[in-house]
Amino acid sequence: MNKPLVLVVDDDHKILRLVRIELTAQGFGVSMAERGEEALQAIPRIRPELVVLDIIMPGMDGLQVLKKIRESSGVPVILLTAKGTDSDKIMGLELGADDYLPKPFNPEELTARVRAVLRRSQVREAPTTGNRLQCGDIVIDLARRTVFVEEKPVVLSRTEWQLLQQLCSNAGRVMLHEDLLTRTWGPEYRDDLQYLRVWVSRLRQKLEKNPAEPRYIRTVQGIGYILEANSASPTQAAS
């Protein structure tokens, strides 16, 4: 069985060595790059299953690299962010990152996140039976995995769709923070409330007319979120 290949991009030799030792010991293949330009050249050549990408690098920084990656590839990307800066996290997720990890980090946590992101990227949705859900001007077709707002198609990332699917499968019911995190991302994320808030914000930006005062993806303060729908509820979607 081939080892999943991870491309690690960082200009810090110590970080590269640390990550290589950890991931290799955990059964992954590891390729390394010290510059963003080098990583962009390597991705189509080596076709990694996942990229671990530092944000702060000389020349082309990690966010610029991520933007370029997303122009041609859906390869999962985990960002390494300095000191957990919220602006970097949000910008990275907006550009299409699948996860982030603040420096300094525990190598074992990085491995757990790599496994979780790969697990999500390999999930195959269970077939549905043509269920549609309507929330005002939003129409969600679970079978076709399509979303329309005011009859215009909306493109969602894999993670955005998985989060919306969980909300749809429980439309009209409050989903607890920890349940949404566990079902969408895995048990490793159960307590990462900030992570959930960022992704919910992304969905609202794409679906709500006024994301600051959402009508459909509503917050239940201190508890979770609820999707308000005005048409027949779908059958249970895949978790």
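Summary table below
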{"item": "Pairwise centroid distance, computed over Cα atoms, of the range 69-98 with the range 6-31, Å", "result": "18"}
{"item": "Order of 91, 57 under a 10 Å beta carbon neighbour criterion, fewest first", "result": "91, 57"}
{"item": "Estimated vicinal HN-Hα couplings, Hz - the range 69-77 in sequence order (Karplus 6.51, -1.76, 1.60; Gly, Pro = x)", "result": "4, 5, 6, 9, 8, x, 4, x, 10"}
{"item": "Cβ crowding within 10 Å averaged over residues, with 217-227, 157-167 ranked highest first", "result": "157-167, 217-227"}
{"item": "Residue (of 198, 156, 167) at the positive-pole extreme of the range 132-227, dipole from beta-carbon charges", "result": "156"}
{"item": "Rg/Rh for the chain, where both radii come from Cα atoms and Rh is the Kirkwood radius", "result": "0.99"}
{"item": "About the Cα centre, charge dipole magnitude for the chain (Lys/Arg +1, Asp/Glu -1 at Cβ), debye", "result": "540"}
{"item": "Helix-only CD estimate at 222 nm, as mean residue ellipticity for the chain, using -39500 (n - 2.57) per DSSP H run (n ≥ 4)", "result": "-12000 deg cm²/dmol"}
{"item": "Point-to-point label distance, residue 5-residue 90, nm (Cα→Cβ direction, 7 Å offset)", "result": "3.7"}
{"item": "For the range 19-36, Karplus couplings with θ = phi - 60° (6.51, -1.76, 1.60), whole Hz, Gly/Pro x", "result": "5, 4, 4, 5, 5, 4, 5, 8, x, 9, x, 10, 10, 10, 9, 9, 9, x"}
{"item": "Rg/Rh for the range 5-121, where both radii come from Cα atoms and Rh is the Kirkwood radius", "result": "0.91"}
{"item": "Table column - 3J(HN,Hα) (Hz), the range 138-153, Karplus curve with 6.51, -1.76, 1.60, x for Gly and Pro", "result": "9, 10, 10, 9, 6, 6, 8, 6, 10, 9, 10, 10, 6, 6, 9, x"}
{"item": "Assigned charges on the beta-carbon of Lys, Arg, Asp, Glu; the range 5-121 dipole about Cα centre (debye)", "result": "300"}
{"item": "Residue (of 65, 18, 133) at the positive-pole extreme of the chain, dipole from beta-carbon charges", "result": "133"}
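Taken together, the values in this text are just the output of simple stated rules run on the coordinates, not laboratory data. Being a predicted model, the structure only gives us computed values, none of them experimental. For neighbour counting, all protein chains shown are included, and Cβ atoms are generated from backbone atoms with ideal geometry for every residue, glycine included.
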